[in-house]
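Only one structure is covered here, and it is reproduced in the block below.
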Amino acid sequence: LFRPRPTHRTGRERRYAGPVFGEMIAAVREALRIPVIANGGVFNHHTHDELMVKTGCTRTMVARGSIGNPWIFKELQEQKSSESFHLPSHEEICATMARHVFGMIELFGEETGMRNSRKIILAYLGGRGYAAHLRLEVAHLKTQDDFSAFLAKVEAEGQSPDYLARPTGRVTRDIDFA
């Protein structure tokens, strides 16, 4: 009986940031006789595939890449089956973000739920064509009523026409695979 061993790309001492050390994960995979799960820097199917190639691992784990982007799992599944992945609509982003934040408030209470939700709200908005002034407002959200008013603004403003006109419309997060 054995358990797969996840190997993270950067480590706690670097606060899980910086380049992905694919060669290091590959060396761990080659040294062990158990499956190694590559972890780190997976934000879409492109970064997923690059991590698999760089490490030689047949298994990966998604962590931070799913924060504000729960659709990543559908994207990876559809990419694997050669289906066409459709990015979430503005309405779907808003509804999912609202469900996430209201769930955090229900679970942790209003003060802690909102404090913990601010970074999650930014993840939902980041790289998706939402105005900078909306992202700046997130730091000031303290109550459920604050969030509800903010959500109404996001719903009304929507994503920028320039973003919507892009051919891929993909969340933009660059990962350095060292």
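For region 30-178, the share of accessible area belonging to carbon and sulfur comes to 54 percent (1.4 Å probe, ligands and nucleic acids excluded).
The 3J(HN,Hα) values that the Karplus relation (6.51, -1.76, 1.60; θ = phi - 60°) gives for region 103-114 are, in residue order, x, 5, 5, 5, 6, 9, x, 5, 5, 5, x, 5 Hz. Gly and Pro appear as x. Computed from the alpha carbon atoms alone, the convex hull of region 40-173 holds 116 Å³ per residue.
Between the amide H of VAL20 and those of ASP176, PHE177, ALA178, distances stay under 5 Å, these residues lying 5 or more places away or on another chain, with hydrogens modeled in the peptide plane. Please enumerate, by chain and number, the lysines with C-alpha under 29 Å from the C-alpha of LYS74, excluding those fewer than 8 residues away in the same chain. Partners found: LYS54, LYS119, LYS153.
Other residues within the sphere of radius under 14 Å centred on the Cβ of ALA98, judged by their own Cβ, net out at -4 (K and R +1, D and E -1). Would you please give the residues with an amide H less than 5 Å from that of ILE37, counting only those at least 5 places away or on a separate chain, with H modeled from the backbone geometry? Excluding prolines and chain starts, which carry no amide H, the hits are ARG5, THR7. Here LYS80 is the anchor, and the aspartates and glutamates within straight C-alpha reach of less than 12 Å, apart from those fewer than 8 places off in the same chain, are ASP49. Karplus-based coupling profile of region 22-32, in residue order and whole Hz: x, 5, 5, 5, 4, 5, 5, 4, 5, 7, 9, with θ = phi - 60° in 6.51 cos²θ - 1.76 cosθ + 1.60 and x standing for Gly or Pro.
The values are calculated or read from the model by the stated rules, or taken from the named source; none is laboratory data. Just so it is clear, the model here is predicted, and its values are computed rather than measured. Counting neighbours? That spans all protein chains shown, and the Cβs are built from the backbone with ideal geometry, glycine included. The protein model used for the area step is the full one, side chains on, heavy atoms only, and it has no ligands, DNA or RNA in it. Shrake-Rupley method; radii C 1.70, N 1.55, O 1.52, S 1.80 Å.
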